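Here the structure comes first, spelled out in structure tokens, and everything after it is commentary.
The values are calculated or read from the model by the stated rules, or taken from the named source; none is laboratory data. Owing to the predicted nature of the structure, the values given are computational and were not obtained by experimental measurement. Heads up, the Cβs are rebuilt from the backbone with ideal geometry, glycines too, and the neighbour counts pull from every protein chain shown. Keep in mind that these areas ignore ligands, DNA and RNA; they rest on the heavy atoms of the full protein, side chains included. Shrake-Rupley method; radii C 1.70, N 1.55, O 1.52, S 1.80 Å.
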Amino acid sequence: MAVGTKTGQAGTLESCDARVIVELTDSDELTISVEGPMKEVFGPAVSKVAESTLNKLKVKGARVKIVDRGALDYVIEARTAVAVARARAESGE
């Protein structure tokens, strides 16, 4: 995902954490991709937490990339919220 003027990221690649990169778009589509060693097992749950967080924050269109290293739900929610806030700050929202 290219870093542009409407992109924000949060988190690390350390164990028990996740890096979340959010690129805000003008569309009404949310695209969430999950990577990591346990993607097959926990990928759908990670995606669901991120989507719920985006909905709470009223994000309509975004491309989200999550590299999960065993983060718990509250970590994914916090990282997603911070990445959105940073993307909005970059775009002037």
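Counting only protein heavy atoms and using a 1.4 Å probe, what share of the accessible area of the chain belongs to carbon plus sulfur, as a whole percent?
The nonpolar share, carbon plus sulfur, comes to 52 percent.
Per-residue HN-Hα couplings for segment 48-53, Karplus 6.51 cos²θ - 1.76 cosθ + 1.60 at θ = phi - 60°, whole Hz, x for Gly and Pro?
Each residue's phi maps through the Karplus curve to give 5, 5, 5, 5, 4, 5 Hz.
With +1 on each Lys and Arg Cβ and -1 on each Asp and Glu Cβ, how big is the dipole of the chain about its Cα centre, in debye rounded to the nearest 20?
Taking the Cα centre of the chain as origin, the dipole is about 140 debye.
In Å, the Kirkwood hydrodynamic radius of segment 1-50 over pairs of distinct alpha carbons?
Values: mean 1/r = 0.0815 Å⁻¹.
Taking the inverse mean of 1/r over all distinct Cα pairs, segment 1-50 comes out at 12.3 Å.
Please compute the per residue accessible area over the chain with all protein chains in place, 1.4 Å probe, rounded to a whole number of Å².
59
Which order do 47, 52 take when ranked by solvent-accessible area (1.4 Å probe, heavy atoms of all protein chains), largest first?
Per-residue accessible area, sorted high to low, gives 52, 47.
Hull surface divided by four, with the convex hull built on the Cα atoms of the chain: how many nm²?
Result: a mean projected hull area of 5.2 nm².
With the contact rule set at Cα under 8 Å and sequence spacing of 6 or more, what percent relative contact order holds for the chain?
46
Select from 78, 62, 45 the residue whose mean-square fluctuation is largest in a Gaussian network model of the chain (Cα-Cα springs shorter than 10 Å).
Comparing 78, 62, 45 in the GNM, the peak value goes to 45.
Which listed residue (36, 74, 53) has the Cα farthest towards the positive end of the charge dipole for segment 30-81, taking +1 on Lys and Arg C-beta and -1 on Asp and Glu C-beta about the Cα centre?
Value computed over the given set: 53.
So what's the back-of-envelope 222 nm ellipticity for the chain, counting only DSSP H runs of four-plus at -39500 (n - 2.57) apiece and dividing by all residues, rounded to 500? Walk me through the intermediate numbers first.
Values: 2 runs with 37 residues, N = 93.
Helices in the chain give a 222 nm mean residue ellipticity of -13500 deg cm²/dmol.
Please list 65, 48, 39, 56 from largest to smallest accessible area, probe radius 1.4 Å, with all protein chains kept in place.
48, 56, 39, 65
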